[in-house]
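Please treat every number below as a calculation from the coordinates, not as lab data. Bear in mind that the values here come from a model prediction, so they are computed numbers and not experimental data. With ideal geometry, Cβ positions are generated from the backbone for all residues, glycine too; neighbour counts draw on all protein chains shown.
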Amino acid sequence: MKQVVLTGDRPTGKLHLGHYIGSLKRRLELQKNDSYQPFVMIADMQALTDNAHDPDKIRHSLVEVALDYLSVGLDPAITTIFVQSQIPALSELTMYYMNLVSISRVERNPTVKTEIKQKTFSGGVPAGFVVYPISQAADITAFKAKFVPVGVDQLPMIEQAREIVRSFNTTYQTDCLVEPEAIIPKDDLSGRLPGTDGNAKMSKSLGNGIYLSDDQDTVRRKVMSMYTDPGHIHVNDPGKVEGNTVFQYLDVFGEDKQHITELKEHYQAGGLGDVTVKQYLFEVLDELLSPIRQRRRELAGDLPAVYRVLLEGSGRANAVAEQTLAEVRRAIGVNYFDAG
Ligand code: TRP
């Protein structure tokens, strides 16, 4: 039996290089491996938990994220790409799971705590936002996902899901739910790609991202303005490689490791200008992004086809989730009208 792997993204904007290296790349690898059955979910309901008053953003981002997925090479014939809100079972599962989690447990989630501190909610923190980890447990368990590739900030969500599975299976004397495991990125930089400004994380709100859909000139401009070593003023000055965003990106995206080592040595010794290194990084990124950009353009020319992919994927996902829901109802005993 194939192992189910599930990942998801909130549709709150286009995807950037941080998403690519932290998650999309892994999904592409998993897709090639026969022993996995991949599901990828666009978490529009989760996005609404902190964007309830801006549904247009979610609606618009949904198709952008779908375009990003398809243009990097997620293949809907292998990967079931679906939309969270179109799977009613997820909401019902969330209701049952909420009874198995205490309010104080929900309030202890470190990622949610940080998010609450960072965001400003006019009118207080929405109840739906505080419990989104429970709904995320529904996302994962509905598909009996064994593996969930995520960034480290998502580990508390997987832990919460595991607890819910154990609690559910014990409480209702069943083994119908599967305990998921997180798969985290291989190294720190891939897990948390810094922004072009050297800030700890690439993010839309910080305006320091390079997007998969950025055109060539935009990518060049962003690379040329990247944070390097502020002490490297003259070409002949020795430069620092540690904490130098351009070299960090080369470590993550560059394939010619030997050339990169040479560049680093030259830079550290002095005599290698930032612009030369940046030009090389631009070429490396352009090689990755050009074909993605090209495919995106083609796909964007036929949006109805993109929506069809989502509709079909949601249909497939729905069938799987309904089956799990039936087992869950049976386990709890709310299956009053089952035959027999
Ligand atoms: N919380 C995830 C994020 O912000 C998105 C998400 C929703 C998700 N449901 C999921 C991720 C289920 C993995 C599995 O990135």
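Quick one: divide the alpha-carbon radius of gyration of the stretch 134-177 by 2.2 N^0.38 Å and tell me what you get.
Values: Rg = 10.4 Å, N = 44, 2.2 N^0.38 = 9.3 Å.
Against the empirical 2.2 N^0.38 Å value, I get 1.13 for the stretch 134-177.
Between GLN216 and LYS113, what length comes free when the chain is fully extended (0.36 nm per residue of separation minus the Cα-Cα distance, one decimal in nm)?
Fully extending the segment from GLN216 to LYS113 adds 33.3 nm.
Take every DSSP beta bridge whose two residues both sit in the chain; close to 5 percent of them are antiparallel.
Between the DSSP loop rule and a limit of at most 15 other Cβ atoms within 10 Å, which trypsin sites (Lys or Arg not before Pro) in the stretch 1-55 are left?
Numbers: sites: LYS2, LYS14, LYS25, ARG26, ARG27, LYS32; in loops: LYS2, LYS14.
Passing both the DSSP loop test and the Cβ count: LYS2.
Relative to the longest principal axis of the Cα atoms of the chain, the long axis of helix 257-269 lies at roughly 50 degrees. For the stretch 45-58, backbone phi angles converted through the Karplus equation (6.51, -1.76, 1.60; θ = phi - 60°) give residue-by-residue couplings of 5, 5, 4, 6, 5, 10, 9, 4, 9, 10, x, 4, 4, 5 Hz, Gly and Pro being listed as x.
Only lysines eight or more places from LYS117 in sequence, or on another chain, were considered; those with a Cα closer than 29 Å are LYS14, LYS57, LYS186, LYS201, LYS204.
Within the stretch 169-277, report the trypsin sites (Lys or Arg not before Pro) that DSSP leaves as loop and that have at most 12 other Cβ atoms within 10 Å. Walk me through the numbers on the way to the answer.
Numbers: sites: LYS186, ARG192, LYS201, LYS204, ARG220, ARG221, LYS222, LYS240, LYS257, LYS264; in loops: LYS186, ARG192, LYS201, LYS240.
Filter output for the stretch 169-277: LYS186.
From largest to smallest, what semi-axes in whole angstrom does the chain give when each is the square root of 5 times an eigenvalue of its alpha carbon gyration tensor?
They are 40, 22, 19 Å, listed from largest to smallest.
For LEU303, LEU17, what's the fewest-to-most ordering of other Cβ within 10 Å of each Cβ?
Numbers: LEU303 12, LEU17 25.
Least crowded to most crowded, the residues run LEU303, LEU17.
The aspartates and glutamates whose alpha-carbon is closer than 14 Å to the alpha-carbon of LYS144, local same-chain residues fewer than 8 away aside, are ASP175, GLU179, GLU181, GLU322, GLU327. Taking the centroid of alpha carbons for each part, the stretch 219-247 and the stretch 102-151 are 38 Å apart. Judged by the gyration tensor of its Cα atoms, with axes a ≥ b ≥ c, the stretch 190-340 is prolate; a/c meets the 1.5 cut and a/b is the larger of a/b and b/c.
Evaluating 6.51 cos²θ - 1.76 cosθ + 1.60 at θ = phi - 60° for every residue in the stretch 60-71, the Karplus couplings come out as 6, 5, 3, 6, 5, 5, 4, 5, 4, 4, 5, 6 Hz, glycine and proline recorded as x.
Here's the picture: a label point sits 7 Å out from the Cα of SER35 along the beta-carbon direction, and within the stretch 134-164 the residues with their amide nitrogen under 20 Å of it are 144-150. Close amide H partners of GLY8, meaning residues 5 or more places away or on another chain with modelled amide H under 5 Å apart, are MET41.
With only alpha-carbon pairs counted, each pair once and no self-pairs, how large is the Kirkwood hydrodynamic radius of the stretch 99-188 in angstroms?
Taking every pair of different Cα atoms in the stretch 99-188, averaging 1/r and inverting gives 14.0 Å.
Couplings 3J(HN,Hα) of the stretch 275-280, computed from phi: 4, 5, 5, 5, 4, 5 Hz, in residue order, whole Hz [Karplus 6.51 cos²θ - 1.76 cosθ + 1.60, θ = phi - 60°; x for Gly and Pro]. Toward the positive end of the charge dipole of the chain, with +1 on the Cβ of Lys and Arg and -1 on the Cβ of Asp and Glu, the farthest Cα among TYR96, THR218, PRO38 is that of TYR96. Could you work out [θ]222 nm for the chain from helices alone, using -39500 (n - 2.57) per DSSP H run of at least four and dividing by all its residues? Round to the nearest 500 deg cm²/dmol. Counting only the DSSP helices, I get -16500 deg cm²/dmol. The C-alpha atoms of the stretch 51-140 occupy a region whose extents along the principal axes are 42, 29, 22 Å, arranged from largest to smallest. Helix 88-98 and the long axis of the chain differ in direction by around 80°, with both axes built from C-alpha atoms.
Hand me the trypsin sites (Lys or Arg not before Pro) from the stretch 100-177 located in a DSSP loop with no more than 16 other Cβ atoms within 10 Å, in residue order please. Taking the stretch 100-177 and a limit of 16 other Cβ atoms within 10 Å, the loop trypsin sites (Lys or Arg not before Pro) found are ARG108, LYS119. Could you give the alpha-carbon Rg of the stretch 296-336 over 2.2 N^0.38 Å, rounded to two decimals? So the Cα radius of gyration is 1.86 times the expected 2.2 N^0.38 Å. Stokes-Einstein diffusion for the stretch 70-118, with the hydrodynamic radius set to the Kirkwood value over Cα pairs and evaluated at 10 °C in a medium of 1.306 mPa s, equals 112 µm²/s.
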